[in-house]
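Notes follow once the structure below has been shown.
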Amino acid sequence: MDTVFSLDEAPRATFLRAIMQSFHPTYICLWSYLPHPSHCLLNLDALFREDDANQPSSSLGSFERRLFDEYKQLVFNVENNISLVPGHAFNNNILFLELHQSLLHTHSSSQIQSHFYAAAGIQSVVFMGCSNGEIELGFSEVNMVEKMRATSPFTSMAVLKNPPPPTSWSSSSTNFLRRRPGSAQLLHMIAERRRREKLNGSFQALRSLLHPGTKKDKLSVLATTREYLTKLREQVSELSHKNQMLLEAQSQGEETAKSFVNERFTVRVSHAPPSINGTEIIDLEITVRGEGSLMADIVIRVLEFLKNAVNVGVILSFHSIEQISPSSLVSRLRFRFSLQDGEWDESGFLEAVRRIVSDLAPTYNEKQP
C-alpha cells in the first residue's frame, strides 16, 4: 500500500478508481505524512462518490461534496496523537482500523470532519496505516473490513496490497522526493489551509446569524450580510441624529425659552451627515414662541414650500417638540430633506422660510390674555 504514495497522478487516480469499484466506499482519502519538524498528515489525493459516478450537479456541487472539499484541506498533527483519526492507524502501524459511527464523533480531529461524516451518512470508516501515510475509506454500512476480505481475496484485496507499480524505482523515487514540499512550502501550505478553515468558520458563524430562510451558499451569505450592514448603517445614522436632537432639546430647556422673550421665532439650518450614496442632507429647525395650535398651519405652509423649492429633493423626516416655560409655550419644528444637484441658495432659502413663519407667528399675540 505504501507504493501508492509514490505514484504519479494518473496511475494514482487509476488506483483510487479501482478501490472505488471494488469496495464501493462513499469516499477515499490519501493522507501523506510529512516528517520532522512538521509531523503532520496532508491530503495527497482523494475521490468522492459523485466524482467517480460522473453525476450531474450544480456549479457549487452537493452539500456533502462541499464539506468533503473542506475536509480535504485540513492538516492533522500526528505527534502525540493518542486516539484521533486520521493518524492513529499511522502512528501505531495498524493495517486495518475500522471505526463505527458511535466512535467517529469522539475520535474525530475536527468539527468539519464530524459534519462531513454526518452529512454524507457515513456509518463506518476504515483507516489503513502505512509508513508513508494513511488511507481512509468511508462507507454507508458497517463491518467493512470483513466484507472487504471476503469480497474476493484474489482480486479486491490485491488492489490494496499491490497498486499499479511505478515505471521504474529510480524515476518514481525521484518524483516522490521532488513532490515532497520543503519546509518553507510546507509552512505556506499549512498556513493556507488554516486560513481556509478560519474563513469557513467565519462563514458558518455568519450563516447562523441570518434568517432561517436565507440561502446558505457563500455568495448569498455575503450578499445578504452586505444588505443587512447597509440597512444597519442607515438606522444607526438616523438614530444618532434623533438622539442628538433629543439631547439638544433637553439641554436647552429653560434657556431656550428665555432666549425668545424678545423674539417671536427663529429659523436656522444645519448640515447633517451625508447619506450612503453621498447625497447632501439638510436639517431645518423652526422655533416659535406662542400658541401651539398655530403650529399645524406653519407645518403645512413650510411643507408646501419645500415641495416646490428649487434644489430641494426628498423630505426625509419631520419632528415636532413642545416645551412649556414659565412665560410661554415654545414649539420646535424640525424638517430633514435632501438636496438635488446644483447650487443651493441658503440665505435666500432662510429668508423665504422666515417670511412664511412671520405671516403666521405674530397672530399668537392676539390670542394672549
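The values are calculated or read from the model by the stated rules, or taken from the named source; none is laboratory data. Computed from a predicted model, the values in this text were never measured in an experiment. Because the Cβ atoms are built from the backbone with ideal geometry, glycine has one as well, and the counts that use them run over all protein chains shown.
Observations
Residue-wise test of (1) out of contact with any helix residue (DSSP H, G or I) (no Cβ under 7 Å at 6 or more places or on another chain); (2) at pLDDT 95 or above; (3) farther than 21 Å from L16 by Cβ.
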site	(1), (2), (3)
N93	yes, no, yes
T106	yes, no, yes
I112	no, no, yes
V125	no, yes, no
S131	no, no, no
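One line per residue, one yes/no per condition, for (1) surrounded by 16 or more Cβ atoms within 10 Å (Cβ to Cβ); (2) at pLDDT 90 or above; (3) assigned to a strand (DSSP E or B):
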{"residue": "T3", "(1), (2), (3)": "yes, no, no"}
{"residue": "A13", "(1), (2), (3)": "no, no, no"}
{"residue": "M20", "(1), (2), (3)": "yes, yes, no"}
{"residue": "L47", "(1), (2), (3)": "yes, yes, yes"}
{"residue": "P56", "(1), (2), (3)": "no, no, no"}
{"residue": "S59", "(1), (2), (3)": "no, no, no"}
{"residue": "N80", "(1), (2), (3)": "no, no, no"}
{"residue": "A89", "(1), (2), (3)": "yes, yes, no"}
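- Breaking point among (1) modelled with pLDDT of 75 or more; (2) outside any loop (DSSP other than H, G, I, E, B), for W344: (2)
- In region 329-355, the residues that are within 15 Å of H271 (Cβ to Cβ) and in contact (Cβ under 8 Å) with a residue 12 or more places away in the chain form Cβ pairs under 9 Å with partners that are among the basic types (K, R) and loosely packed, with under 12 Cβ neighbours inside 10 Å, at six or more places apart or across chains, as follows: L350/R268.
- Region 91-108 - residue that is more than 21 Å from V142 (Cβ to Cβ) and out of contact with any Ser or Thr (no Cβ under 9 Å at 6 or more places or on another chain) and, of those, surrounded by the most Cβ atoms within 10 Å (Cβ to Cβ): N91
- In region 22-35, residue modelled with the lowest pLDDT [restricted to those that are closer than 20 Å to S6 by Cβ and of a type outside the set (A, V, I, L, M, F, W, C)]: P35
- All positions within region 299-315 that are part of a helix (DSSP H, G or I) and under 13 Å from A352 (Cα atoms): R301, V302, L303, E304, F305, L306, N308
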